[in-house]
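Okay, structure first, notes after.
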Amino acid sequence: MARLFEGAMKNWKFVLEFLVFSVVFWLLQFVYQFYVVIPGQFSFALIRAFAFSGATFIGLALLSSVFFKFRPVYAKYWHVRRSLGVAGLVFIAGHSLSVVNLLFGGDVSQVFFSLNPIENPMIFGVVGYLVFLVLALTSTDWAMEKIGPARWKTIHRLVYFGYFAAVFHFLAINQSALLNLAGYLLLAVTFLVLAGELYWFVKIAGKNKFSTLGAKIGFLLILLYLVFAYLVFFAK
Ligand code: HEM
């Protein structure tokens, strides 16, 4: 057990500072929702504070990867990316738990009232949540050592699919909830992540004339974004 948290214990000062930052970020989100956006609606303020904090942190984790590619000297701060990802997942766990308990009275089956993600965007949320869970569980120093760098990298490419599912979840489920400062911040981060990833995809895969397996998977992902953007925004 001690080995599992070896990295965090070595770097306890950073972990503590990051924890304080995360709690303050969440509190600001909650206060903003509860007092400004939807005054007095405790359950929804809680659900959305967790949702916006989690989705923004996960977006920032991905944005840091884009940034490290532009400025490799900063890649030594990769532990910031991991902390953003793990804290993001904890927030999303709070988000889904509060949805199930406060909206559905503890009845998980209501999350699956339809398995069609266009009709029920919670399905996208569940997929995103499960992917991020796998990524977090395989991100401890101990797990990374056991899995090995090559396999770890392959598993962690799943993040692109998890993020795709998360993005369509929050774009489709309740668009009016996005029309405030918390939503604009999330949309700005999301835009930067997708633009940055596209830039590096073209630059890196283009060097090999898009002939690698990674390039084919990249094209599949772009196609998925386009098809689901059409289905969510134009075909409804
Ligand atoms: C088990 C998984 C999940 C369930 C059941 C779920 C459920 C919900 C529900 C019911 C809402 C609407 C709440 C409202 O109208 O205020 C919502 C909103 C939201 N969810 Fe999730 N969610 C899940 C996973 C995720 C994940 C993985 C993310 C992102 C990483 C996410 C981000 C958001 C955001 C940002 C909103 C607010 C914006 C909006 O309503 O469009 N959720 N979610």
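Where a number appears in this text, it was derived from the coordinates with a stated rule and is not lab data. Because the structure is a prediction, the values reported are computed rather than measured. Note that we place each Cβ from the backbone using ideal geometry, even for glycine, and neighbour counts take in every protein chain shown.
Of note:
- Total formal charge among the other residues, if their Cβ is under 15 angstrom from that of residue 64, Lys/Arg +1 and Asp/Glu -1: +4
- Cubic angstrom per residue, convex hull over Cα atoms of the chain: 144
- Loop sites in segment 182-220: trypsin sites (Lys or Arg not before Pro), DSSP, at most 11 other Cβ within 10 Å: 209
- Reported to the nearest whole Å, the Cα centre-to-centre distance from segment 116-138 to segment 59-99 is 17.
- Cross-link partners for residue 209 among the lysines, with Cα-Cα distance under 28 Å and sequence neighbours closer than 8 places in the same chain left out: 69, 153.
- Value at 222 nm in deg cm²/dmol, rounded to 500, when DSSP H runs of n ≥ 4 in the chain each add -39,500 (n - 2.57): -24000 deg cm²/dmol
- Share of alpha-carbon pairs per 10 Å distance bin for segment 161-204, given as whole %: 26, 49, 21, 4
- The Cβ shell under 13 Å around residue 152 holds other residues with a net charge of +3, Lys and Arg each +1, Asp and Glu each -1.
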